[in-house]
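Here, each number is a calculation from the coordinates, and none is a lab measurement. Only a predicted model underlies this, so the values are computations on that prediction, with no experimental measurement involved. Glycine also receives a Cβ, built like all others from the backbone with ideal geometry; neighbour counts cover every protein chain displayed.
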Amino acid sequence: MDEFQDYVLLRNIYHAAIREVSTKLEILDDEFQVRYDYNPIHHMECRLKSPQSLFEKLERKGLDIRLESFYKITDIAGIRVICNYIDDVYAVASLLLQQDDIKLLRRSDYIKDPKESGYRSLHLVVQIPVFLSDRTELVPVEIQFRTIAMDTWASLEHELKYKRVGGITPQMEQELKDCAEAMAEVDRKMEQIHKDL
Ligand code: 0O2
């Protein structure tokens, strides 16, 4: 019972961390609207890792299913920030990192160096304090910044791979990679048009 209560409290803390970071991002987006009549963030998606997905990850990493192991998983709290253009991704990420109560734990730039699959996004794992009645918890949050085109590709690719029992063929892998490259080209062209305007 105690373990269960601890687990519920922990999920509540991760949920609080998501709300804190997403509010910061909304505030930045609102400020851009007021100052420049422009919103760099198209939309955001927040998620708390499901217990099943969490247990699968603990197993994959060879960790015991107990509360202490949770601290080694940094994407229990996750936020996806979908921006209009590549420049917006870096601008919003850098403004967030300038804030005093945000500490950067890890940065993976899969836009500069796409993954073998063709996946592109900027991943930040940040730490934020959550103030409770009896203590302060420093909570990791994984933020995935990407453009609309990158998000479209990642969602469809995930769905295609997930639905196919036994995985996809090397030819399909290559075609998906080509699609990622084509969408990156669209991103570059759209950004140029936006800058020219
Ligand atoms: P979900 O449900 O999206 O959260 P690890 O997280 O430990 O496996 P690492 O290096 O920390 O390893 O993670 P990485 O690769 O930086 O980021 C993992 C997350 O990025 C994935 O989360 C996906 O959301 C996304 N991602 C990474 N590669 C791909 C890819 O090839 N295609 C798609 N569609 N998404 C990708 P999860 O944990 O898989 O699940």
task: May I ask you to verify whether VAL81 is within 20 Å of HIS15 (Cβ to Cβ), β-branched (Val, Ile, Thr), out of contact with any Gly (no Cβ under 9 Å at 6 or more places or on another chain) and within 16 Å of the ligand (Cβ to nearest atom)?
output: yes
task: Kindly check whether there is at least one residue in the range 55-77 that is more than 12 Å from the ligand (Cβ to nearest atom), crowded, with 20+ Cβ neighbours inside 10 Å and assigned to a strand (DSSP E or B).
output: no
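Is it the case that the range 168-175 has a residue that's more than 19 Å from the chain's Cα centre (by Cα) and within 26 Å of ASN84 (Cα to Cα)?
Yes, some residue in the range 168-175 is more than 19 Å from the chain's Cα centre (by Cα) and within 26 Å of ASN84 (Cα to Cα).
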Selected residue (criterion: surrounded by the fewest Cβ atoms within 10 Å (Cβ to Cβ)) from residues of the range 80-91 that are in contact (Cβ under 8 Å) with a residue 60 or more places away in the chain and assigned to a helix (DSSP H, G or I): ASP87
- line: For the range 24-51, pairs from a residue that is under 12 Å from LEU96 (Cβ atoms) to a residue that is in a loop (DSSP other than H, G, I, E, B) and of a type outside the set (A, V, I, L, M, F, W, C), with Cβ under 6 Å and 6 or more apart or across chains, are ASP29/ASN39
- prompt: Does the range 29-54 hold any residues that are touching an Asp or Glu at 6+ places or on another chain (Cβ under 7 Å) and within 12 Å of the ligand (Cβ to nearest atom), and which are they?
  reply: LYS49
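The rows are residues; the columns are (1) farther than 30 Å from LEU9 by Cα; (2) free of Cβ contacts under 8 Å to residues at least 12 places away in the same chain.
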{"residue": "ALA93", "(1), (2)": "no, no"}
{"residue": "ASP113", "(1), (2)": "yes, yes"}
{"residue": "GLU137", "(1), (2)": "no, no"}
{"residue": "ALA149", "(1), (2)": "yes, no"}
{"residue": "TYR162", "(1), (2)": "yes, yes"}
query: Name the strands (runs of 3 or more DSSP E) wholly within the range 93-197 that hold at least 3 residues that are within 16 Å of the ligand (Cβ to nearest atom) and surrounded by 18 or more Cβ atoms within 10 Å (Cβ to Cβ)?
result: 122-131, 136-147
